[in-house]
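What follows is a structure written as structure tokens; I'll ask about it next.
The values are calculated or read from the model by the stated rules, or taken from the named source; none is laboratory data. Because the structure is a prediction, the values reported are computed rather than measured. We place every Cβ from the backbone using ideal geometry, glycine too, and count neighbours over all the protein chains shown. Keep in mind that these areas ignore ligands, DNA and RNA; they rest on the heavy atoms of the full protein, side chains included. Shrake-Rupley method; radii C 1.70, N 1.55, O 1.52, S 1.80 Å.
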Number of protein chains: 2
Amino acid sequence: MTTEAKPGSRERLLEAAARLTYRDGVGIGVDALCKAARVSKRSMYQLFESKDELLAASLEEGAAAFVAGLLPGTDDDRTPRERILYVFDQLESQANAPDFLGCRYLTAQIELKDNNHPASRVAHQIKGNLTSFFRAEAERGGAGDPDLLARQLILVFDGASARVGIKADTPAGLIAPTVATLLEAAGMR
Amino acid sequence: MTTEAKPGSRERLLEAAARLTYRDGVGIGVDALCKAARVSKRSMYQLFESKDELLAASLEEGAAAFVAGLLPGTDDDRTPRERILYVFDQLESQANAPDFLGCRYLTAQIELKDNNHPASRVAHQIKGNLTSFFRAEAERGGAGDPDLLARQLILVFDGASARVGIKADTPAGLIAPTVATLLEAAGMR
């Protein structure tokens, strides 16, 4: 007799995977994930092909919140420059939280060390969308080299996330002036 | 009867720890490290109190090569600006290697997620020395705000290392123009 996984098991597994991999790293074991989610291993493997697939699904599941927490609405009247600055203001307040350990998509990719891992592919895509946002605003705002500016902005996003995440620096007085300098050099005043 | 660890065991363990943690992450097991170093676990624990201490020692052991690979000699006649650019030229060539997975001190700290881990403390110190180098050159070169410039330069160092390490970007046309913009804004022409 095959029993089906109980309602809510999938959601609890996704939540546990997101929370525990962020806190402890992608090496977290299946036992710990199932225990935290109060789901049997049998149920987990009914719902997800593997731990790798669970991890990928949990990163994917977090994408909407990631975007909502960083990007301005599409219907506001901010200028492209202000829309870019908005993202970094949001990063700064998120990075000030005591449990901030860096951008989860960056840390997952660093830890996995494998671009073909399903979770790396998801993370790569989600961060690529953020770079595309920067690229589009840079172009709308008349940046001299929108490609370069977008690469610089995502570099600052990841560099600041990483350094604040390891407690090597704080966001204050670092992120905003660096972004302002790059925008200015690109001709986006 | 206590047998002592054979000569060379310590060096082989340090080399294996450096190589395997960089390639596979700090979660690599003691068994794998001992096997790669051709050292018994008993010998390993004679030489190092714990895997954590072995990891810390391997990062410490790599510090001289890290510095030698990045920093200009103390006796050259480069200007402060040129000395800073030299570091990023070196980073760019290192980051172009196919097995580059980012700065080992940054990735170790991200993976360990614990500032009090002995290896995190070593990594923090070694990267702090690089920031101090930037700070000293910024001051010598007349930067308007040497503290800010040093923080920006190490942010670019870590951001570029991380993004190139996960294959999200390439160093070419990114690192050099970004550093040049920051130096210029700081008044270091």
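State yes or no: is A:T131 assigned to a helix (DSSP H, G or I) and hydroxyl-bearing (S, T, Y)?
Yes.
Oh, and also: Exactly one condition in (1) of a type in the set (D, E, K, R); (2) over 25 Å from A:T181 (Cα atoms); (3) out of contact with any Leu (no Cβ under 6 Å at 6 or more places or on another chain) is not met by A:E61; state its number.
Result: A:E61 passes all but (3).
Please determine whether any residue of the stretch A:148-161 is under 30 Å from B:P118 (Cβ atoms) and in a loop (DSSP other than H, G, I, E, B).
no
Checking the conditions here, which among A:D169, A:D158 is among the acidic types (D, E), touching a residue at least 12 places away in the same chain (Cβ under 8 Å) and farther than 19 Å from A:E82 by Cα?
That would be A:D158, the only listed residue that is among the acidic types (D, E), touching a residue at least 12 places away in the same chain (Cβ under 8 Å) and farther than 19 Å from A:E82 by Cα.
Here's something else I'd like to know. Residues in the stretch B:98-113: is at least one within 12 Å of chain A (Cβ to nearest Cβ), outside any helix (DSSP H, G or I) and open to solvent by 60 Å² or more (accessible area, probe 1.4 Å)?
There is at least one residue in the stretch B:98-113 that is within 12 Å of chain A (Cβ to nearest Cβ), outside any helix (DSSP H, G or I) and open to solvent by 60 Å² or more (accessible area, probe 1.4 Å).
With the condition kept exactly as written, say whether any residue in the stretch B:134-147 is within 7 Å of another protein chain (Cβ to nearest Cβ) and outside any helix (DSSP H, G or I).
no
Taking only the stretch A:167-176 into account, find how many residues are open to solvent by 10 Å² or more (accessible area, probe 1.4 Å) and either at the interface with chain B (Cβ under 9 Å from one of its Cβ atoms) or under 18 Å from the mean Cα position of the chain (by Cα) (or both).
Looking only at that region, the number is 4.
When residues of the stretch A:115-133 are filtered for being more than 10 Å from chain B (Cβ to nearest Cβ) and either in contact (Cβ under 8 Å) with a residue 24 or more places away in the chain or over 18 Å from A:Y86 (Cα atoms) (or both), how many remain?
11
Of the conditions (1) open to solvent by less than 10 Å² (accessible area, probe 1.4 Å); (2) of a type outside the set (K, R); (3) under 18 Å from B:Y22 (Cβ atoms), B:F134 clears all except one; give me its number.
(3)
Going through the stretch B:139-164 one residue at a time, which ones are under 19 Å from the mean Cα position of the chain (by Cα) and either basic (K, R) or surrounded by fewer than 21 Cβ atoms within 10 Å (Cβ to Cβ) (or both)?
Within the stretch B:139-164, B:R151, B:R163 qualify.
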